[in-house]
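The structure appears right after this line, and notes come after that.
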Amino acid sequence: MNTLKNEVLIDASLDKIWESLAITDKLDTYDPTVKKSTATSVIKSGIGASRKVDMLDGKNWFEEKCTTYEPNKALEYTLTACSFPVHQLQHDYSFEQIGDKIKVTQKMNIKMKYGPLGKLMFAMLKSKWNSGNRKFLGGLKSASERK
């Protein structure tokens, strides 16, 4: 399993940040790499809430569901299908109060398809994925800090 870790410091309430992250069909309102996020379950947040996400590039997509949900403490999504060369992926979020700001940490665990070739692919894609994750966190920061 390969791990990517990124974090951002946000000047907003944890409640506001949580609402953006935890409601499945809100992703496209702040992630600049996403064209459309659609809830695919009756519930839009909580364990089992799921979504389909179409990427801005027009060709890639993924589906995921919420597998950990502890309000304002811990949140995790697990990939259920995708167009990427990924066999398994979970990304989780943790939160830390630092003064009057919230540090949001995203940890992504990825298992690639194609065995040894997948390891090479991960090495080649790592910087692009980290760049996309930083754009995502930057969008979360901007959206959360809007008054």
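The values are calculated or read from the model by the stated rules, or taken from the named source; none is laboratory data. These figures come from a predicted structure and were not determined experimentally. Cβ: placed from backbone, ideal geometry, glycine included. Neighbour counts: every protein chain shown. Just so you know, the surface numbers come from the protein's heavy atoms only, side chains and all, with ligands and any DNA or RNA stripped out. Shrake-Rupley method; radii C 1.70, N 1.55, O 1.52, S 1.80 Å.
How about segment 76-104: which of its residues are among the hydroxyl-bearing types (S, T, Y) and in contact with a Phe, Trp or Tyr (Cβ under 7 Å, 6 or more places away or on another chain)?
Hit for segment 76-104 is S83, nothing else.
Looking at (1) in contact with a helix residue (DSSP H, G or I) (Cβ under 9 Å, 6 or more places away or on another chain); (2) aliphatic (A, V, I, L, M); (3) closer than 16 Å to I17 by Cβ, can you tell me which one A74 breaks?
(1)
Contact list please: Cβ distance under 6 Å, first residue in segment 47-70 and open to solvent by 40 Å² or more (accessible area, probe 1.4 Å), second residue at pLDDT 95 or above and of a type in the set (K, R), pairs at least six apart or on different chains.
From segment 47-70, the pairs are D54/K35; D54/K36; L56/K35; E63/K52.
Residues checked against (1) over 18 Å from V34 (Cβ atoms); (2) touching a strand residue (DSSP E or B) at 6+ places or on another chain (Cβ under 8 Å); (3) open to solvent by less than 60 Å² (accessible area, probe 1.4 Å):
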| position | (1), (2), (3) |
| --- | --- |
| S83 | no, yes, yes |
| Y93 | no, yes, yes |
| K113 | yes, yes, no |
| K126 | yes, yes, no |
| L137 | no, yes, yes |
| L140 | no, yes, yes |
| E145 | yes, yes, yes |
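What is the residue count in segment 1-23 for residues that are of a type in the set (D, E), at pLDDT 95 or above and not in a loop (DSSP other than H, G, I, E, B)?
2
Given the options K103, K107, name the one that is of a type in the set (K, R), in contact (Cβ under 8 Å) with a residue 60 or more places away in the chain, in contact with a Ser or Thr (Cβ under 9 Å, 6 or more places away or on another chain) and open to solvent by less than 70 Å² (accessible area, probe 1.4 Å).
K103
Go through (1) on the phi < 0 side of the Ramachandran plot; (2) open to solvent by less than 30 Å² (accessible area, probe 1.4 Å) one by one and return the number of the condition E19 breaks.
Failing condition for E19: (2).
Being charged (D, E, K, R) and open to solvent by 20 Å² or more (accessible area, probe 1.4 Å) is the filter here; which residues of segment 22-44 pass it?
Residues satisfying the conditions are D25, K26, D28, K35, K36, K44.
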